Amino acid sequence: MFPLRRTENLNNAKRKPRAYIYTLGCRVNQYESAAVAAELEKYGFEIAENDADCDVYIINTCAVTAESEKKSRKFIRHAAKQNPYAAVIVMGCYSQIAAADAAKIDGVRLVLGNRNKLRAAKYAADFVSLSAADNRIEIAELGNTPIENMRIYHTENARAFVKIEDGCDNKCAYCIIKDARGGVVSRLPEDICEEIRGLVSAGYSEVVLTGIETASYGKDLDGIGLSELILKIAEIDGVHRIRLGSLEPSVLKPALVDTLASCEKFMPSFHLSLQSGSSKVLAAMRRRYNADMAMNAISYIKEKIPAATFTCDIIVGFPGETEEDFAETEEFARRAGFLHMHIFPFSPRKGTEAASMPEQVPENIKTRRASELAELGAVLADVVYEANRDYRGTVLFETYENGINRGHTEHMLEAELEGDDLRGKEVRVYAAEIKNGRLICKAE
């Protein structure tokens, strides 16, 4: 049972209904929350900056690890305690795979999945008008439901993230995301381009194309893939910079790299979902490439795009990973020359093959390997910055604090420039020095 809905504050103050969105997890979730916020604004909602005294709470959950599920449940309970009269709506990966469990949490009125998130806005509007049903589970079947045609109109960031696809066709031993997101489904290119034109009109000049498996874009479409989409976006007036989200090494074929190299608006930074530099470990993970294939892809990119930089995701301590395997990952990192590594000690995820694999690595060893790899990463980053000591180029500034603008170069090096507020602006600069892991720049 729920408390009677408190509507007198809305009616007496004649204020807009307030909604707060908690977002856990990846860039795709962040984009989807922004799209839901845009829909809520169409229904007359104010998107609250804090969670005090709101009429609707939406929790966009994550399930990539057991810890992320735990955090999702924590945020759901927290929202319900903030205002017992409010609507608590749960959506995302956790609710997609555990809808009944999410619905049992006190205060939850609606449970959605990953292919019907925009439904949250309509339910919220019905709720404040006293026409919404309580305690509903509405989970769309992933195999039979097309991608939602979401759209954002503004973002708090200087660069605009645009979702181009959802789902993944991999079956990695450690991952449950295929169960939560389904197989690859792509947005139509005309819908993507229309959204980007709107963002350009709103003042954004850099777009980041993102998805669960970005480079698989177009697998379910006829006659278009990621290469063709990038070229279409590059034709849009006002788009100056195009970036890509996380990429699996196996999809970095020469044809795609050649297209990227030929596109002047493509920014030469690559984030690879590498996971390991050991072929043995990659095979145990059920990845679709080995270490040699990944290194060959990096080498080809360096040949075609000499200014390219690389960041990556690495899991240390996967079941069966030996000291020799870990040493191979370290050597791979040295050869690749990563600018940054996102390092994750392996965390068993219930429902995955890896959770019950033999030879689980002790926590203290995982912690040590993560620390050693981070130390190596700091050294490799210094090498990349030193190679760019004489940098001249264009920086898009993203933040401003205490008279200092901070942003990123074309190839994702961090840069600083002292002066007036330049957030959202592209500025020609040159590097005067390197300090605290950043290029300290002067305007040309």
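Looking for whichever is small (Gly, Ala, Ser) and modelled with pLDDT of 95 or more here; the options are ALA66, ALA37, ALA52. Which one fits?
Of ALA66, ALA37, ALA52, the one residue that is small (Gly, Ala, Ser) and modelled with pLDDT of 95 or more is ALA37.
Take TYR174 and tell me if it is outside any helix (DSSP H, G or I), out of contact with any His (no Cβ under 9 Å at 6 or more places or on another chain) and either buried (at least 20 other Cβ atoms within 10 Å of the Cβ) or assigned by TED's automatic domain parsing to the domain that holds THR61 (or both).
yes
Considering only residues that are part of a loop (DSSP other than H, G, I, E, B), modelled with pLDDT of 95 or more and touching a Phe, Trp or Tyr at 6+ places or on another chain (Cβ under 9 Å), look in the stretch 322-351 and name the one that is nearest to HIS411 (Cα to Cα).
Filtering first and then ranking leaves LEU339.
Every residue in the stretch 226-258 that is more than 21 Å from the chain's Cα centre (by Cα), in a helix (DSSP H, G or I) and under 15 Å from ILE298 (Cα atoms), please.
PRO254, ALA255, LEU256, VAL257, ASP258
Any idea how many residues of the stretch 322-364 are in contact with a strand residue (DSSP E or B) (Cβ under 9 Å, 6 or more places away or on another chain) and either more than 22 Å from ILE176 (Cβ to Cβ) or of a type in the set (Phe, Trp, Tyr) (or both)?
12
Filter the stretch 84-104 down to the residues that are under 19 Å from GLU67 (Cα atoms), β-branched (Val, Ile, Thr) and either modelled with pLDDT under 95 or part of a strand (DSSP E or B) (or both) and list them by number.
VAL90
Can you pull out every residue in the stretch 48-95 that is polar (S, T, N, Q), within 20 Å of the chain's Cα centre (by Cα) and either surrounded by fewer than 24 Cβ atoms within 10 Å (Cβ to Cβ) or not assigned by TED's automatic domain parsing to the domain that holds PRO17 (or both)?
Matches in the stretch 48-95: THR65, SER68.
Could you please tell me which pairs satisfy a Cβ distance under 7 Å, a separation of 6+ or placement on different chains, a first residue in the stretch 239-264 that is under 20 Å from CYS168 (Cα atoms), and a second residue that is outside any loop (DSSP other than H, G, I, E, B) and among the aromatic types (Phe, Trp, Tyr)?
Final answer for the pair search is LEU247/PHE270.
Using beta carbons and a limit of 6 Å, which pairs, at least six apart or on different chains, have the first residue in the stretch 275-301 and surrounded by fewer than 16 Cβ atoms within 10 Å (Cβ to Cβ) and the second one outside any helix (DSSP H, G or I)?
Short answer, once both residue conditions are applied: ARG286/LYS171; ARG286/CYS172; ARG286/ALA173.
The values are calculated or read from the model by the stated rules, or taken from the named source; none is laboratory data. Every value quoted in this text rests on a predicted model; they were computed, and no experiment measured them. Note: ideal-geometry Cβ built from the backbone for every residue, glycine included; neighbour counts use all protein chains shown.
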